[in-house]
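To keep things clear, I will list the structure first and then write my remarks on it.
The values are calculated or read from the model by the stated rules, or taken from the named source; none is laboratory data. The shown structure was predicted, so the numbers you read here are calculated from the model rather than taken from an experiment. Note that we place each Cβ from the backbone using ideal geometry, even for glycine, and neighbour counts take in every protein chain shown.
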Amino acid sequence: MTAINAYQALPGNVMPDIAKQPHTGPKGTLNWVGMSAIELPVIVMDSSGHRNQTLARVQAYVNLTNPDSKGIHMSRLYLALDSMLGMSELSPGVLHQIVSQFVDSHEGLSDAAYLECHFNYYEKRSSLLSNNAGWKSYPVKVIATQRAGQFEVELQVEVPYSSTCPCSAALSRQIIQDGFRDTFGEGTVDAEAVYAWLGTTQGISATPHSQRSIAQVKIRLSEKLRDLPIGSLIDRIENALQTPVQAAVKREDEQEFARLNAANLMFCEDAARRLKFALSDDIAVCDFWLRVNHLESLHAHDAVAVAVKGVEGGYLDDPRDYVP
């Protein structure tokens, strides 16, 4: 017998369990108790059905309903995460099993659970015109909750895009019109001369301002979904806005990007309305909240618009309700 085993075998040398001792401090219930900043490798399915590994930062909590208890069993939360989530495919079914295990392992202490996974979703996206593709990264947050036996999943994504100001475009066109009149007058003009002039810096003497923008969208998913629709949600957002930022870019792609920006001039209100319309007819979405952020190149501040689906008991149209 080793010295340690011999010590543990002696009477009275049982390892102390403080959690089982009576609680003598102030009593009361707590909304959430648990852990944050847990790092776990998880598997995420992309829109092509490929399994991609990524690193998730996880938060795990249960409520504390017993005012006489010292606290929860932290290790039970971690062990459930390690065995059920680590290196597993992230899906509504797996998330349901985990939060149910959180509650079941805290019988008499808790009746609600919260699980949050924050990670970057990587997917190779085709260039606009050239035969190229490049990796793009989208911040994603998946939240699973169980309260009063009801399970719910929320999916949040951030999608970057470009926005060109309609007002700036109109003002730029006026400058170009004035330059045309100053150069060619009001009589008959030669088409070839005009064509050549339009290809000079004097011809295009003003350009509208545009900026990188971010669409933040969170949706509550239908309980019938078996997979997390991350790729399809990103597609729906980018298709609605029409000006997604690019990865691999050749000259023809850059030219097409410029054309798309000119064809899709957007104030932040326009972008928010496009997204609201695109999300409203998605049967997989029970509720949604969206915020578009135009990171102004003209101003030192951002232009923002927020919209919700407007279902009873759903997301509130509240400036405090935002995606960090």
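General remarks:
- If the condition is being in contact with a Ser or Thr (Cβ under 6 Å, 6 or more places away or on another chain) and either surrounded by fewer than 17 Cβ atoms within 10 Å (Cβ to Cβ) or aliphatic (A, V, I, L, M) (or both), then the stretch 137-175 contributes only Ile175.
- Flag for Gln202 being more than 30 Å from Val153 (Cβ to Cβ) and touching a residue at least 12 places away in the same chain (Cβ under 8 Å): yes
- Selection status of Val99, touching a Leu at 6+ places or on another chain (Cβ under 8 Å), under 22 Å from Asp282 (Cβ atoms) and buried (at least 19 other Cβ atoms within 10 Å of the Cβ): no
- Breaking point among (1) modelled with pLDDT of 95 or more; (2) over 23 Å from the mean Cα position of the chain (by Cα), for Ser297: (1)
- Screening Ile214, Ile237 for residues that are in a strand (DSSP E or B), β-branched (Val, Ile, Thr) and in the same structural domain as Phe288 (by TED's automatic domain parsing) leaves exactly one candidate, Ile214.
- Meets criteria (in contact with a Phe, Trp or Tyr (Cβ under 9 Å, 6 or more places away or on another chain) and surrounded by fewer than 17 Cβ atoms within 10 Å (Cβ to Cβ)) for Ser297: no
- Trp135 more than 20 Å from Leu295 (Cβ to Cβ) and in contact (Cβ under 8 Å) with a residue 60 or more places away in the chain: yes
- Residues located in the stretch 83-128, provided they are part of a helix (DSSP H, G or I) and charged (D, E, K, R): Asp104
- Within the stretch 134-177, being farther than 28 Å from Leu221 by Cα and of a type in the set (Val, Ile, Thr) holds for Thr164, Ile175, Ile176.
- Inter-residue pairs, beta-carbon under 8 Å, first free of Cβ contacts under 8 Å to residues at least 24 places away in the same chain and in the stretch 70-99, second assigned to a loop (DSSP other than H, G, I, E, B), 6+ apart: Val94/Leu85; Val94/Ser88
- Odd one out for Thr243 among (1) modelled with pLDDT of 95 or more; (2) of a type in the set (Ser, Thr, Tyr); (3) outside the structural domain of Tyr122 (by TED's automatic domain parsing): (3)
- Residue count for the stretch 6-40 under the criterion of being among the small types (Gly, Ala, Ser), exposed (fewer than 10 other Cβ atoms within 10 Å of the Cβ) and modelled with pLDDT under 70: the result is 2.
- Test: residue in the stretch 57-66 that is closer than 17 Å to Leu40 by Cα, out of contact with any Ser or Thr (no Cβ under 9 Å at 6 or more places or on another chain) and not hydroxyl-bearing (Ser, Thr, Tyr): no
- Residue within the stretch 267-283 that is more than 21 Å from the chain's Cα centre (by Cα), in the same structural domain as Glu154 (by TED's automatic domain parsing), exposed (fewer than 13 other Cβ atoms within 10 Å of the Cβ) and farther than 28 Å from Val153 by Cα present: no
- Of all residues in the stretch 286-308 being outside any strand (DSSP E or B) and of a type in the set (Asp, Glu), the one that is farthest from Ser210 (Cα to Cα): Asp302
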